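So the structure is just underneath, and the comments pick up after that.
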Amino acid sequence: MEHTDKFFKTEDMMRYVIGCVEQYSEPRYIASLYTRNYTKIDIQIAITGVRRCLTLVHGELLRLSKYSLEFLDQWATKDNRRFTTAEKMFNRLRSSMACLKRQYRKSTPIVHGTPRHNPNLRPSVFERAVLTYGDCPRDLFKIESYDDDVQTLYIEQRALFGNILAALNLCYNVIMKEKEIGNSLEECERRFDKQLNDISVMLQDYMGMFQSNDGGVIRQQIERFGKQAVVKQGWHKYEIRDIQEYAVYLLTHPDKTVEATSISFLWPNNQQKADDALLLARHFSEIAYDKKRKASGKKIWMFICWCGSQKEFPDKKFYDFLAAHHAGDMSEWHNVIVAKNRFNGDFQKELSAFTEAAETLLKQVRKKEQQAV
């Protein structure tokens, strides 16, 4: 007849499991050896398994010690609508409970057959294991009279149960302490104010990023040199705040794709043209606005041709570049195509006039920048 090791993750169950672990003793350990026909090799294998479990449980105990302090110091915690505190604690006792159930299954007497009144009923290892509340016949001899491997297994298993008991008690104390804090207005208020202040300080930093909203140094470098160059050359050279600022910019500017409109992508071999295009795009309103205070479709077409696109087939990537760097209003792309199709004047004359105006503007802007420095 098989035994079950399933259990409900409740506060009562935690108290019950603590009681089971506290039953561990030398007589129960000796009695558990007689539930199977163990050989010397079986004992040695068991020692290896217990030591492996001991390492896992000890690490889990250390993590629980840290978590219990953080958990009790927080007013609001995760998954409160999904799990009770007892369930949270049991979820953090995975290694301890898995190792405990493994030891109990090995110390549970094998009984053949199933109960006739209910074939689906399977007794629990927590009730039948010799190491817990199961029947424990007294042995005439002490542990010292057994083989060295048997004594070693007892020492290792005793240490394992000690760590499991410490982890269970720690979790149970967290549940009790939580109730105690919940009954004290002063303690609740102190934790609420502290957590609120910590979150406010963190959010102030993020709010500053949303207010500046310029993408920071990473955006500037990607626009100038392209994403691939920045990604490769910038490996472990930027701060976390730098990429946070860039992420905020992408979230607040979903219509502007920096990578596709980067300077190195459009002019990989002409740095002077790239610098001129970027400066002209930022001051485009000074030569391109129509009566509606908007960059006209014809002026945008001239800009695209000035950038190097063909007359009959304007490249939309230059339009996207202008849209990414021009802060003012612009005509839509389809208006640019309409302006091209309706144009019946002298194209070279129009382009020369735009080029002359652009060069004049660039000289004026650069002169102002030099005077400002």
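Here's the yes/no breakdown for (1) of a type in the set (Ser, Thr, Tyr); (2) at pLDDT below 85:
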site: Val21; (1), (2): no, no
site: Leu64; (1), (2): no, no
site: Ser95; (1), (2): yes, no
site: Ser107; (1), (2): yes, yes
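For the list (1) of a type outside the set (D, E, K, R); (2) outside any loop (DSSP other than H, G, I, E, B); (3) more than 30 Å from Asp147 (Cβ to Cβ), I need the number of the one condition that Ala76 fails. The failed condition is (2).
Residue check: is Lys194 surrounded by 16 or more Cβ atoms within 10 Å (Cβ to Cβ), out of contact with any His (no Cβ under 8 Å at 6 or more places or on another chain) and more than 30 Å from Val21 (Cβ to Cβ)? No, not satisfied.
Taken over region 58-100, the criterion of being touching a residue at least 24 places away in the same chain (Cβ under 8 Å), charged (D, E, K, R) and surrounded by fewer than 17 Cβ atoms within 10 Å (Cβ to Cβ) is satisfied by Arg63, Asp73, Glu87, Arg94.
Tell me yes or no: at least one residue of region 336-343 is under 19 Å from Ser285 (Cβ atoms) and in a helix (DSSP H, G or I). Yes.
The single condition among (1) part of a helix (DSSP H, G or I); (2) closer than 18 Å to Leu279 by Cβ; (3) under 44 Å from the mean Cα position of the chain (by Cα) that Lys317 does not satisfy is (2). For Leu56, state whether it is under 22 Å from Ala167 (Cβ atoms), touching a Leu at 6+ places or on another chain (Cβ under 8 Å) and either of a type in the set (Asp, Glu) or in a helix (DSSP H, G or I) (or both). Criteria not met by Leu56. Among the residues of region 249-284, the ones that are under 20 Å from Met330 (Cβ atoms), modelled with pLDDT of 75 or more and basic (Lys, Arg) come to 1 in all. Does Ile30 fit the bill of being over 14 Å from Gly162 (Cα atoms) and loosely packed, with under 12 Cβ neighbours inside 10 Å? Spelling it out, it is not the case that Ile30 is over 14 Å from Gly162 (Cα atoms) and loosely packed, with under 12 Cβ neighbours inside 10 Å. Only one entry of Lys298, Lys232 meets the criterion of being part of a helix (DSSP H, G or I), open to solvent by 70 Å² or more (accessible area, probe 1.4 Å) and at pLDDT below 80, and that entry is Lys232.
Checked against (1) assigned to a helix (DSSP H, G or I); (2) modelled with pLDDT under 85; (3) surrounded by 15 or more Cβ atoms within 10 Å (Cβ to Cβ), Glu369 passes all but condition (3).
Is it the case that Gln310 is of a type outside the set (A, V, I, L, M), modelled with pLDDT under 85 and closer than 20 Å to Asn270 by Cα? Yes. Residue check: Lys237 meets all listed conditions (1) loosely packed, with under 12 Cβ neighbours inside 10 Å; (2) modelled with pLDDT under 80 but one, namely (2). Before we move on, is Arg224 part of a helix (DSSP H, G or I), open to solvent by 50 Å² or more (accessible area, probe 1.4 Å), in contact (Cβ under 8 Å) with a residue 24 or more places away in the chain and charged (D, E, K, R)? So Arg224 fits the description; yes.
Listed conditions (1) part of a helix (DSSP H, G or I); (2) open to solvent by 50 Å² or more (accessible area, probe 1.4 Å); (3) not hydroxyl-bearing (Ser, Thr, Tyr) are all met by Val21, apart from (2).
To keep it simple, each residue is scored yes or no on (1) over 22 Å from Phe90 (Cβ atoms); (2) over 41 Å from the mean Cα position of the chain (by Cα); (3) at pLDDT 80 or above.
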position: Lys101; (1), (2), (3): no, no, yes
position: His112; (1), (2), (3): yes, yes, no
position: His117; (1), (2), (3): yes, yes, no
position: Thr132; (1), (2), (3): no, no, yes
position: Asp147; (1), (2), (3): yes, yes, yes
position: Thr152; (1), (2), (3): yes, yes, yes
position: Ala159; (1), (2), (3): yes, no, yes
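Here Arg138 fulfils each of the conditions (1) modelled with pLDDT under 75; (2) farther than 15 Å from Val21 by Cα; (3) buried (at least 16 other Cβ atoms within 10 Å of the Cβ) apart from (3). Here Lys340 passes the criteria (1) at pLDDT below 85; (2) surrounded by 16 or more Cβ atoms within 10 Å (Cβ to Cβ) except the one numbered (1).
The values are calculated or read from the model by the stated rules, or taken from the named source; none is laboratory data. On a predicted model such as this, the values are computed, not experimentally measured, just so you know. Reconstructed Cβ throughout: ideal geometry from the backbone, glycine too, with neighbour counts over all protein chains shown. The protein model used for the area step is the full one, side chains on, heavy atoms only, and it has no ligands, DNA or RNA in it. Shrake-Rupley method; radii C 1.70, N 1.55, O 1.52, S 1.80 Å.
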